[in-house]
1. Looking at the range B:198-223 only, could you name the residues that are open to solvent by 10 Å² or more (accessible area, probe 1.4 Å) and within 30 Å of A:Gln82 (Cα to Cα)?
2. Within the range A:123-142, track down each residue that is over 17 Å from A:Asp65 (Cα atoms) and buried (at least 18 other Cβ atoms within 10 Å of the Cβ).
3. Any residue in the range B:130-145 that is surrounded by 19 or more Cβ atoms within 10 Å (Cβ to Cβ) sitting within a Cβ distance under 6 Å of a residue that is outside any helix (DSSP H, G or I)? List the pairs, counting only those 6 or more apart or interchain.
4. Looking only at the range B:123-137, which residues are closer than 20 Å to B:Tyr226 by Cα and under 16 Å from the mean Cα position of the chain (by Cα)?
5. From the list A:Glu78, A:Glu37, A:Glu94, pick out the single residue that is of a type outside the set (Gly, Ala, Ser), within 14 Å of another protein chain (Cβ to nearest Cβ) and touching a residue at least 60 places away in the same chain (Cβ under 8 Å).
6. Within the set of pairs 6 or more residues apart or between chains, which connect a residue that is in a strand (DSSP E or B) and modelled with pLDDT of 95 or more inside the range A:14-32 to a residue that is open to solvent by 70 Å² or more (accessible area, probe 1.4 Å) and of a type in the set (A, V, I, L, M) with Cβ atoms less than 8 Å apart?
7. Say we look at the range B:44-66 and pick out the residues that are in contact (Cβ under 8 Å) with a residue 12 or more places away in the chain, part of a loop (DSSP other than H, G, I, E, B) and not basic (Lys, Arg); which of these is nearest to B:Leu4 (Cα to Cα)?
8. Filter the range A:143-157 down to the residues that are open to solvent by 10 Å² or more (accessible area, probe 1.4 Å) and at pLDDT below 95 and list them by number.
Amino acid sequence: MSSLALAFQRPTEPPAPVAITLDPVHSVALFRIQHLEAGLFWGRFNALEGTVQWDLQPGSVPTFDVTAKIANADTGSEKLDQNLQGPNFFNAKEFPVMTFKSTSAANAGERRWKVKGNLTLRGVTREVEADCVATGIGNGPAGAKVGFECTLEIKRSDFGMKWGIEKPAKALGDDVKLVIALEGDAQPKE
Amino acid sequence: MAALALYLLTTIVLPALVSAAAAIAITRSPIGRTPGFARAAAGTACAVAVLWAFMAESDANAVLRQLPVSMPKDDAPFERWHRVGLVALVVAVAAPVVAVAASMARPRKPFVAEAAVGMVAGTALALAVAFPGDGSADRAVTGVAVAVAAVALAASAPRAGLGSAAATALAVAGLAAVGGFISLAAIAAALALAALVLAVNGRSRPIPGVALAVLLATLAACGHGYRDDSAASWPWRAALGIPVLGWAGGRVLRKKPA
């Protein structure tokens, strides 16, 4: 068992500040939107990047700094992916990334938090609140691995992405659910 | 289905038909016989169709945001494709001025004058408007395309020139639709329909070559800038060659013996 994992199990020891560097292969954001008032359509942003600061102590709160490249949007349809990159949706040419930077967090159970932060999308920054949980701490070949999952809901119109809400009416929903799965390699801060 | 029909009606059909109908009413009224007024009406109608369709696809703030106007509670960023709306607004205002001035000046060589005004407008467009990824070569192509298309449209017979403009706008609309840029497709379709209606009317003579060229070049440059990186560049450029083809085709047909 790594020293980081041991630290997690011995809360009486002073917390060791840890920078968790996200592993893009195992970090992904799923988004869900209603299509034509019917099905709930899921897409994803692959290869999230960023860091999480957390000392692995159950009572302490993490801070998140996560970036998704719009070019990594993946719906399973090449045509749809192309549409999402355009100005009617993410406008990837002018706003190539979406970021979430947490500003505060409150404990909401064992290794669960209500995390507030700033979501920047299409050049618009809005405060959002996400429910986050540390899903586990494990051992990888290169050391400790830490996993998180965050869920939040936003209105895409708040970020200027209005096509398909009123014109054409109800082609696509305004409410978007995001499920963000993160996994990173924990490195003690120097 | 009803939502789609309403979308097409409010974004394409109404902007095009109302603008063109207003221009036709002017050309058929006594004021339409005043030199330059029929041309001014057609140029403004096409620009208003583009502006109206643009605002239907985004909002009025997208144009106002580019002007020195204070807009409380508006923190949306400027997006480069919003220049389409600003260009349409400028053309709508400038088209009558240019048309009336040209009719009053009565240049000896109208196509040389058209080319000169087209070059000035093309240069201004190239300097003022850049879409994502546009280098200086892209902007130079847009500027030259304005001058060439302006002369080709003005040199064509009125119906043929407006028909060429409609075909060019339709080509841009098709390319935009294929590329997933639905707003641009709708705006270009509105211009295509307005130009087509004016072509059928046939009373807009001489046709507003520079105004149409600026609108068409702007829409084509916008689509070119936002195209998928893997998509070819040349179709967007080639679309602006349609007015030249229309003019050349018209000359060939006129030379054929009856």
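The values are calculated or read from the model by the stated rules, or taken from the named source; none is laboratory data. It should be emphasised that the depicted structure is a prediction, and the values quoted were computed from it without experimental measurement. Cβ atoms come from the backbone with ideal geometry, glycine included; neighbour counts cover every protein chain shown. Side chains are part of the model used for accessible areas, which takes the heavy atoms of the whole protein and leaves out ligands, DNA and RNA. Shrake-Rupley method; radii C 1.70, N 1.55, O 1.52, S 1.80 Å.
1. Listed by number, the list holds a single entry, B:Val214.
2. The one that is over 17 Å from A:Asp65 (Cα atoms) and buried (at least 18 other Cβ atoms within 10 Å of the Cβ): A:Ile137.
3. Short answer, once both residue conditions are applied: B:Ala145/B:Leu240.
4. B:Leu125, B:Ala126, B:Val129 - these are the residues of the range B:123-137 that are closer than 20 Å to B:Tyr226 by Cα and under 16 Å from the mean Cα position of the chain (by Cα).
5. Checking each option against the conditions leaves just A:Glu37.
6. Filtered contacts from the range A:14-32: A:Arg32/A:Leu40.
7. Going through the qualifying residues, I end up with B:Ser58.
8. A:Gly143, A:Lys145, A:Ser157
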